[in-house]
1. What angle do you read, to the nearest 10 degrees and between 0 and 90, between the alpha-carbon axis of helix B:96-107 and the longest principal axis of chain B?
2. At a 10 angstrom cut-off on C-beta neighbours, averaged per residue, how do the peptides C:119-126, A:21-28 rank from highest to lowest?
3. With everything on Cα atoms, drop me the angle between helix B:136-149 and the longest principal axis of chain B, reported from 0 to 90° to the nearest 10.
4. What's the average, rounded to a whole number, of partner chain beta-carbon atoms within 10 Å of each residue's beta-carbon in C:137-145?
5. Explain nothing, just the number: dipole magnitude of the stretch C:121-169 about its Cα centre with +1 on each Lys and Arg Cβ and -1 on each Asp and Glu Cβ, in debye rounded to the nearest 20.
6. Quick one: helix A:107-119 against the long Cα principal axis of chain A, what's the angle to the nearest 10°, folded into 0 to 90?
7. Just want the answer: with Cβ charges of +1 for Lys and Arg and -1 for Asp and Glu, which residue in C:Trp135, C:Trp156, C:Phe119 is farthest toward the dipole's positive end in the stretch C:93-198?
8. Based on Cβ point charges of +1 for Lys and Arg and -1 for Asp and Glu, what charge dipole magnitude is obtained for the protein assembly as shown about its Cα centre, in debye rounded to the nearest 20?
Amino acid sequence: MSGFLGVLQRELRLNLSGGGEVLTLVLFFIIVGAIVPFAIGPDQVLLASIAPGIIWIAAFLAMLLGLDRLFRPDRDDGTLALYRLADMSMAGVVAAKVIAHWLTTALPLIIASPFLAMILAMDGPTFARTALSLLLGTPALAAFGAFGAAVTVAIRRGGLLAPILIAPLCVPVLIFGVGAIAPLGGPDQASSAMLFLAALSLMALALSPFAAALAIDWGEE
Amino acid sequence: MTQGQVQHRINLKTQALACGRGDAVLVADLSLEVAAGSALLLRGPNGAGKSTLLLTLAGLLRPISGTLVFEGADPEAGPFIHHCGHKNAVRPRLTVLETLRFWADLNGSGPLPPAAALERVGLARTARVDAGYLSAGQQRRLVLARLLVSPRPVWLLDEPSAALDAAGRELMAALLVDHLESGGLAVIATHDDIALPGAATLTLGAEA
Amino acid sequence: MNLNGIDDTPKMSWWSRLAHPGQFLSWTRPLIWPLAALTLVLMLVGLWFAFFNSPADYQMGDTVRIMYVHVPTAWLSQFVYAAMSVSALGTLVWRHPLADVSMKAAAPLGAAFTAMALFTGSMWGRPTWGTFWEWDGRMTSTLILLFIYLGIIALWRAFDDQLRAARVVAVFTLVGAVNVPIIKFSVDWWSTLHQPASVFRADGPTMPGSLLTPLFVMFFAFTLLFVTLQLLAMHTEIRRRRLITLERRAAQGDAL
C-alpha cells in the first residue's frame, strides 16, 4: 500500500509542480472547443445542439495528448525497470498512474468545462448533465489511455501510435458520454446511457491495469 | 555501522545459461555459482554482454536457455534483488529526499530511514535540492542510498563506480564490504578496480 | 520468471524453436494446392450461381447480387478476428511461435476482408439507400473493426523485435476482442437512436432457397480462401523469419 501511495504521490508531484503540463492541456481543451464556432459559424442554436459533442471531443483529444508522458519518461530514465523489481505488482503501479492521470488531466478539464459550456451557448441543465457524464466517462478514457500507452511504451517512437490504437476502443465511451447528455431517445435513454457509461468506466478501471501491466512486462523482457 | 541486520542467505547458481537481446545471443553456456557473502566481478570489453547478463540475472530479461536459480530465496517474502542499471531513475522536479522516500515506499523500507541513508552516502546537505541538479556522481551516490533504504540480499550493480570520485569509490567499496559481511551477495559489472577482498572475477567475451 | 528454481517452460534458443514451425511447413505444404483448387472451384460455382442462376430482387434488381460477396466478407471480418484472438491466446498461454506467426499473418487478411465488406456494403448502399455511406449500425461497427485491424498492423510494424511484438500485440488483440462486442452494442444503440431501424436485413429468415444456395457456396468459398491465404501467409512469414535468423547468424560469423 505504501508503494501505491508512493507512486500516486510522485506522479502528482511531477505533474503539478512547476511547469507541469496540466495548464497546457486545459488550454488545449479550451482552444479546441473555442475554435469550432469559427469553423461552423456563430449560430447559437446550432452551437447549443452540438455543444455536448464538442466538449466530449475536446476532452477526448486532450486526454489522448497527455498519454505519452504516462510511461515513456519512466522508461527513459530507468524507473520502469525499478517498478518491475518493486515490492508491488506492476498492475498496482499502473492503477496508481491511472488515478494520477485522471486527477491531473480529466479533473482539470471538467473544472474548465463551464467556460466552454458558456461560450457554446449551453443551458444550465444540459451543462449539469455534461459535467456528470464527463465525471463518469473520463475514468474509462484514462484507463484505456493507460493501456494504449503501455502497449506502445517499448516502441521507440510510439507517441502517435497509442491514440490510433485506443481511439476505436473509446468509441463506446463517446457514444454513451454524448448520449447521456443529448437524449435523442428521451430522458429514459439518457439515463440508461449514463448507467452504461458508469459500467464502462468501472470495467475499464478494473481490467486495464492488469492488461497494461502484462503489456509492459512482456514488452520489456 | 548503520547496516547491522543479517541478510537472508541466498546463493546464485546458473547452469548453461545463455542470454541476449531479442534473438541475438551475447553470453552463452554460462555456469556460475555465487555464494551468500561473496561477490563476483564481471569484466570484459564493451558489448561483451555484462549488462545483459545482469538484466537476465535480475529477471528483467528472459534467459534464452539454461537455468537460473536463487537458492534460499523465499518467493513469498517479496523481491530480493536490487538491480542498478546505467540509468539512475532520478527525475528532476523531485527533491533528493523525496526521490529516496519514493524508492523506499516502492521497494519496502528497512531499518535505515532515508535521511540517514543520505547521510551515509554523503548527500545529507543536498536533501532538499531538486534531484535534477545533482551531478552525475552525486546521482550515483543517491542510487547507492537506494540500496541502503531497502535491504535486499542480492545486489546486481552495473558499473556502479562510473562517475564516482575517489571518495565515492571508497564509499561504494565500504558499502559492498558491509553488504557481504551481513551475508549479502553481489554481482558487479565494472571496468574499475574495486577494493573487494576475496571477490571472484569473471571475464566475459574473452574467448570470442 | 524462473527465479524460484522451477523450470516451467522448456527453454530453447529462438532458431531451434523454429523446428516446430519447420514441421508445420512440411505437413501443410501438400495441403495448399488442393485447398487453392477447391477454393477456385467453389468460387466459380458460387459466382455462376450468383450471376446466372439466382433471381434478381423485385425491389433491388441486380444489385442484390452484391450480397454474395458482401455477406461472406462481412462474416470473415469477424471470423478472422476470432482466429486472431485464439492465436493471441496461444502466444500468451503457450508461448508458441506458430501462434505468433498465425496472428501476424491473419491481421492484413482480416483488414482486407473488412475493407472488402465495407466497399461492397457501400456499393450496395448507393442504389439501396441512395448514398454510399450510411451511419448504419453494422457498417459503422465494421468500420471501427477496420480501424482496430489497421492499428494492430501498425503495432506489428512498429516493433523491431518480433518476439516482443507478438506478446504485446497478443495482449492488445485480446483487449480488442473484449471490446468488439461492447463497441457493436454501443454502435447499435447509437444508430437506432439516430435513425429508424435498418433499411434492409440480409439475414432475414424469409430468404428463399434460390438466394440461399449461392450464398452458402460463396460463404464456403470465401472461408476456404481465407484458410488458403492464411496458410500461404504463415509459410511466407516463417520463411522470412528463418531468413532473418540466417542473416543474423551469418553476421555473427556463426560464433555460436
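Read-outs: derived from the displayed coordinates by stated rules, not from any lab. These numbers were taken from a predicted model, which means no experiment stands behind them. Note: ideal-geometry Cβ built from the backbone for every residue, glycine included; neighbour counts use all protein chains shown.
1. Taking Cα atoms only, the helix is inclined about 50 degrees.
2. Result, highest mean Cβ count within 10 Å first: C:119-126, A:21-28.
3. 80
4. Going residue by residue through C:137-145 and averaging, the value is 1.
5. 80
6. With both axes taken from Cα atoms, the answer is about 20 degrees.
7. C:Trp156
8. I would put it at about 620 debye.
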